[in-house]
Every structure is written in structure tokens, then in C-alpha cells.
1. So for the pair residue 269, residue 243, with labels modelled 7 Å out along Cα→Cβ, what separation do we get in nm?
2. Taking a point 7 angstrom from the Cα of residue 225 along the C-beta vector, which residues in region 335-356 have backbone N less than 17 Å away?
3. For region 367-383 and region 95-168, what is the centre-to-centre distance using only Cα atoms, to the nearest Å?
4. Give me 244, 47, 142 ranked fewest to most by other Cβ atoms within 10 Å of their Cβ, as a rough exposure proxy.
5. What distance in nm lies between label points placed 7 Å from Cα along the C-beta direction at residue 404 and residue 464?
6. For the pair residue 130 and residue 500, how long in nm is the line joining their label points, each one 7 Å along Cα→Cβ?
7. Just order 285-291, 64-70 by mean Cβ neighbour count inside 10 Å, highest at the front, would you?
8. Over region 166-294, what per residue volume does the convex hull of the Cα atoms give, in whole Å³?
């Protein structure tokens, strides 16, 4: 196909891009021009709006100026995906583009790193080679950080970005969701040495025409009498621990809903108590509350099988302290365990499962992804979906003992239509590009705006799609649904505030890193 002449605005960089099949989009040119003017830039774009092409264009400019370029992706599968896409998108001579991951022999890596003009890599591999002196960023003009919201704390992105700053290498960060906390966005901006932010929401005038419609459906279910019965056996045991911690002056927040972050903070507070007996008593009550709170959430929002799996895991745990022993012998826990096992024998499960099956039956012949928080839930859902005549496969991470090769095969089989439904844990949220996914189902709402946006981005990439969020009434699901909506709105407001500060004081971020 002939190249749209408007792409010639890219100048010499266009010779390194295969533009014949690329649709011209004015906002992409505007963002690329902004990067030229402003230097280190954070690009925030909804999924499916061409962040990769923007990254390819700024790397092409580096190549056109006689310098090297690199794109970093947080996981090996995502790096491989970028390598495949960029090999077709960019016009680089054979041997000039390198996929660099930790699975490559170190000696071979060193030779190839120094000869390649364009590198697609995982950050830990590059950071390790830089620290070992086997690799140098000398001669590089641009480094693109994909899924750059990870560039916080001690993650390898921050080390590499600092090395780029020392050498005055252009840094471009790409993400759909940098977060909704001012501290996190500031930390990201500081870590990457960002001087300007280019952000678009799906409703902005210059991108709205390219955004595929996503219809969001919230499906409410009542947990049902069996679920509430099991939960009611656990609640008095929770109340006992809460009462103990309150009497010790340690628990002051509303205990009708206990966010995990607040509970973790409470544990850190207790661990710092100097008085040994007081600390041990508090820790015993706290440990009991942690186990009970998680079990209570599992039965109300995940299901009988995930709850039972967790409880059985407590019973077979080798190193059980006195607190856990007392919990497992408690009347409430014994009754909850007995009821859950009896319910499983009868084939009972959380009404959420029926809601998921109902959605999938209406999507037969189409690709669907079901996201769930826990591996036990992923396993349970996969079994139920398959037993109802719908082909499904689980997709979980390396922490669950699944190799990257096995993960790649599942994704490839899904792309090729070997099965209809991918049931995924959080590993399926980030960067996975599977064309033709018509439906995404959230088995539960999640309060994390980054993960929420990533989940939704798995559908409606090239055509319209549907998103279903399953919510159990009267549980933390309803709170998480509201929180996720509020945090997304807050995110865009914060991005604009931080960008205004950068414009007012353009040198502050660079000075903070030197």
C-alpha cells in the first residue's frame, strides 16, 4: 500500500518505519512532536491507541541520527510480543534487531548487545549486564519503557532510567494507567526523569474516534443462604479478635470493612511494640484476624471451593503456631469447614459462577477472558466452564509453577481458537495482545485502578466489546466497584496537575535525580 504522505512529517525517521499499512492519526504525530520538543516524556494512552507505534517512531529517530535504541518490556512474553510486532513495523536490516532476555547465554548476549542497533529486552537482563560491565548504553539515543508504571522502588526500570539520565539518553515511558496516587505519579516522574506528560482519555476529541466501544455491564448476585451460613460461622470468631485488638487500643478503624492495606499497617504497628508480652498477645489476635478475614472474604466473594481450599491449606500447614491451632479447633471454624465440604459434595457453588456461565452461554463462538483474583478461583471456574460444555483453559503465573513456555502455548492456542475462554489470574492483565476478544468478565471488582484499566484493555482493541463485572451484594465487592471508579477519575486529574507543575518548573525533576 502507498504511504500516507502525512507520515512524511516524521522526517528521516520514516525510512526506518514500514508505514504502508499504518493508518495516519494526527494525535500520534502530535505526541511525537511533543517528545521532540520536551525531551523525556510520559505517554498515557488508553489500550489499543498505538502506544507501540509512538515508541517505534521515537526509536526510529534515534536510528536515523546514527544512534541505537531500545525498548524495555517487564516480562519475557511481552518482550517477545514486542519483538514480533516491531520486526514487522520497523525497517531494520537483518541482525540489526535483537531480542534480549535472561534465557540467552551471557557470552552470546554480550556479543549481540554490542552489534545490534535496536534491542527489545527485559529490564532485569539489561540491568544485570550494565552492573556487570558486560553492556554499555554508550551510543544509545532513545530508551522506551513499556508498562512504565512499574518504574517505582527498586524495580530494574529505575536503575536503567538513571543510567539514561547520566548519558543524556531520551526516555519515553508508555502506560495506560500510571496510578491514582499523587505520590506514585510523582515517584514515576522522578524515576524516569520525566519533563512532560502526554495524556489522553478515551473521551478526548483527538482520540475518541479511534476508541472502540466498550459496554460495561455490572451483574449483581445475592450470595445465597449457603454462602451466608458458612460466613456466619466465621464472623463470631472474627469479632472475638477484633474485640481483643480494640481493647488493647490497636484497632481504631471501621471493622465492617477492613482494607488489606490497613490490616498490613496494623501488623507492622504491632511488630514494633517493645513490651514482649503485650506484643505477643496482640500478634496472636492479629494473626487469627488475618486468617479469618481472608477466609470470610473468600466465601462471600469467591466461592465455596476457594474457601475450602484455603481452609484445608491451614489444616495441613506444617508450622502451626498456638494461635492457628486454637483457630482450627474453634467451634465456628469446624462448623464452617464441615458445611463447605458438604456443599461441595452436593455440587453447590457461589451464585457468581452461574452468572459467569450465563454470560458465556450468550457469547458462544466468540473469544472471552474471565479474570479472577486467586489461583484457586481460576481453577474452580475453569472446571465449571468446561463441565458446562464450553472450552476453557487456565492462565496463571510462574509463582504457581507454570513455565513461560506453557504460558506461551496457552496464549497461542487461544489466539488460534483452540478454546473459547481464557480464565486468567493477574498475569493476563498486562500487555497481552489477543485480537478478537469480544468479552471480558471480572469475577470480582478490584480497587486497583492500574489493574482495572489493564483488565478492561484486553477487549475492544479492534472492534467493540463487552465488559461484565460480577458483584456480590452486601460484600466488599460493592465497595471495590465504587473505589475503582473513583480512582480512575482521580488519576487523570492528578496527571494534569503533575504535568502543570513540570511545565512551571521544567528542570526540577532532572535536578532531583542528579
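Read the figures in this text as sums done on the coordinates, not as results from a lab. On a predicted model such as this, the values are computed, not experimentally measured, just so you know. A quick note on method: Cβ atoms are made from the backbone with ideal geometry, for glycine too, and the neighbour counts reach across all protein chains shown.
1. In this crude label model, residue 269 to residue 243 measures out at 2.1 nm.
2. Residues 339-340, 342-344, 346-351 fall inside that zone.
3. A separation of 35 Å, based on Cα centres.
4. Numbers: 244 18, 47 22, 142 25.
By the 10 Å Cβ count, ascending: 244, 47, 142.
5. In this crude label model, residue 404 to residue 464 measures out at 3.9 nm.
6. Label-label distance for residue 130 and residue 500, simple model: 3.3 nm.
7. Per-residue mean Cβ counts within 10 Å order the peptides as 285-291, 64-70.
8. Details: hull volume 26.3 nm³, N = 129.
So the per-residue Cα hull volume is 204 Å³.
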